[in-house]
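Here the structure comes first, spelled out in structure tokens, and everything after it is commentary.
The values are calculated or read from the model by the stated rules, or taken from the named source; none is laboratory data. Keep in mind that what you see is a predicted model, and the values were worked out from it rather than measured. We place every Cβ from the backbone using ideal geometry, glycine too, and count neighbours over all the protein chains shown.
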Amino acid sequence: MDEQNSGIGMLRDIVGVVREKKEESREFVRIVREKKEELRDFVEFTRELTGLSWKNTNLEDVSICLMFTRKLE
């Protein structure tokens, strides 16, 4: 019976760890979404500031925004 109890205890520990990691993953996704929104706002601000009109935001757009920002500093 002790072997069964220890096995059940191990399973409970595993489930606890999985739940914890799942919560950490949710937090990570929330942070990534938040940063993505901040980046969109930054790109939009830079577009307006520079008078550029891009149809889509992509890595090239972001790099242009970053170069422009560095020049402002």
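Odds and ends about this structure:
- A single member of Val43, Val32 is within 26 Å of Ile64 (Cα to Cα), touching a Ser or Thr at 6+ places or on another chain (Cβ under 8 Å) and part of a helix (DSSP H, G or I), and it is Val43.
- Only one of Lys71, Lys55 that is at pLDDT below 75, exposed (fewer than 10 other Cβ atoms within 10 Å of the Cβ) and outside any helix (DSSP H, G or I): Lys55
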